[in-house]
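Derivation of every value follows stated rules applied to the coordinates shown; laboratory data play no part. All values reported here derive from a predicted model rather than from experimental measurement. No Cβ is skipped: glycine too gets one built from the backbone with ideal geometry, and neighbour counts run over all protein chains shown.
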Amino acid sequence: MSPNNQPPDVDRLARSMLMLHGDHDSHDEPAPAANGRRGGSSSKASAFADDPERAAAVAAATQADRTRYLTSGLQPVDCRFCHATVNVKRLGPGHTAVQWNAEASQRCAYFAELRATGEHSARTRSCPKLGDSIEHAVAEGCLEAVSTAPPAGDG
C-alpha cells in the first residue's frame, strides 16, 4: 500500500517500467547487457546453425544430460498392496525420491480413496502403503538403503 493507504496505480507503474526497459516486442535493438548498456551478449546458448555436426553433438549431450538427471539411480518398486510401479532412489535415512507416473498415480488405491473423497492426491505427501513397500524392498535387498549411483548433476 502507498502512504495514503491506497493500492498502487498499476497502470502508472506499468508505463514507467515500459519507459525504463522498453516493451518485450522491441527486437530492433539488442537487449541491455548486464551493465545496462545496449549491445551486450546474450546468455542464450548458440544453436550452431552454421555447424550441423556440433549442433547434433550438443543436442545429443543435452538429451543424455536430461535422461541422466531424470533417471540416475532410480529403481522400479512395485507397491505390494495395489501393484502400482514407481521409480525410487534412497538418498539417505528418511529421504527417498519417488518418481510417480500417470499410470501409477491412477492405480494407487490410497490416491483413489483420496480422489473419491474430493481431495487431490497431488497435495498428499505420500502413499503409506507404498512407503511400506519401499521399506520392504530395502529389507529384501531389492533397493539400496542409500543409492550408490552417481549424482545426477554435473559429474
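Annotation for the stretch 102-114: no member residue is in contact (Cβ under 8 Å) with a residue 40 or more places away in the chain and in contact with a helix residue (DSSP H, G or I) (Cβ under 6 Å, 6 or more places away or on another chain). Checked against (1) over 16 Å from Val88 (Cβ atoms); (2) part of a loop (DSSP other than H, G, I, E, B), Cys142 meets all criteria but (1).
From the list Lys89, Lys129, the lone residue that is within 24 Å of the chain's Cα centre (by Cα), surrounded by 12 or more Cβ atoms within 10 Å (Cβ to Cβ) and of a type in the set (D, E, K, R) is Lys89. Please count how many residues of the stretch 69-111 are among the hydrophobic types (A, V, I, L, M, F, W, C), in a loop (DSSP other than H, G, I, E, B) and farther than 25 Å from Thr148 by Cβ. Qualifying residue count for the region: 4.
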